[in-house]
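Written out below as structure tokens is the structure these notes cover.
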Amino acid sequence: MTTQIPHVDHELVQAAADVARTRCRGENHTMAAAARTGDGRIVTAVNAYHFTGGPCAELVLIGTAAAQGAYELDTVVAVGDRDRGVVAPCGRCRQVLLDYFPALKVIVGEGDRVRTVRITDLLPESYVWADHQLDAE
């Protein structure tokens with residue numbers, strides 16, 4: 001069962017929508033993502049489409065955030081170009097986001113049904129790579 005978190009970070013959704021509208025061009029960049037960092041900043045990124053399966057916007061966002069010194073993300077959202085609105089993360093992104101940020105909140109849904117849920121609700125009963133890594137220390 002998905003647990004809805006009461007607050008939707010509309011500023012974060014708007015930041016991703018602004019990037020999708022102004023930076024996504026053609027077939028190579030069709031999605032934008034935004035994340036609220038642990039210290040309250042907003043980091044944005046776009047996907048890098050390639051026929052070999054280039055990275056989604058959420059994955060580019062992880063690297064962009066790290067390059068800016070943000071290693072803790074609180075909330076993430078992806079928005080499609082051409083006013084497609086909020087788009088839920090794909091399966092690969094769900095797994096990577098869970099592995100990097102097990103307490104992450106994700107904004108999903110469309111229109112007036114946009115809501116915030118925990119990443120663990122998007123991948124219930126999943127293998128958590130981060131748990132495995134704790135054993136290695």
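The values are calculated or read from the model by the stated rules, or taken from the named source; none is laboratory data. No experiment lies behind these values; they were computed from the predicted model shown. Cβ coordinates were reconstructed from backbone atoms using ideal geometry, including for glycine residues, and neighbour counts include every protein chain displayed. Calculation scope for accessible area: heavy atoms of the full protein, side chains included, ligands and nucleic acids excluded. Shrake-Rupley method; radii C 1.70, N 1.55, O 1.52, S 1.80 Å.
Cβ-Cβ distances below 6 Å connect the following pairs, each with a first residue in segment 56-78 that is farther than 24 Å from N28 by Cβ, a second residue that is among the aromatic types (F, W, Y) and outside any helix (DSSP H, G or I), and a separation of six or more residues or different chains: L73/F101. Among the conditions (1) among the β-branched types (V, I, T); (2) over 11 Å from the mean Cα position of the chain (by Cα); (3) closer than 29 Å to E125 by Cβ, V19 misses just one, which is (3).
One residue is enough: does segment 67-80 have a residue meeting the conditions within 21 Å of S126 (Cβ to Cβ) and open to solvent by 30 Å² or more (accessible area, probe 1.4 Å)? Yes, segment 67-80 has at least one match. Does P102 satisfy being surrounded by fewer than 22 Cβ atoms within 10 Å (Cβ to Cβ), within 23 Å of S126 (Cα to Cα), at pLDDT below 95 and more than 11 Å from the chain's Cα centre (by Cα)? When the stated conditions are applied, P102 passes them.
Among the criteria (1) open to solvent by less than 60 Å² (accessible area, probe 1.4 Å); (2) farther than 14 Å from V87 by Cα; (3) modelled with pLDDT of 95 or more, the one E58 does not fulfil is (2).
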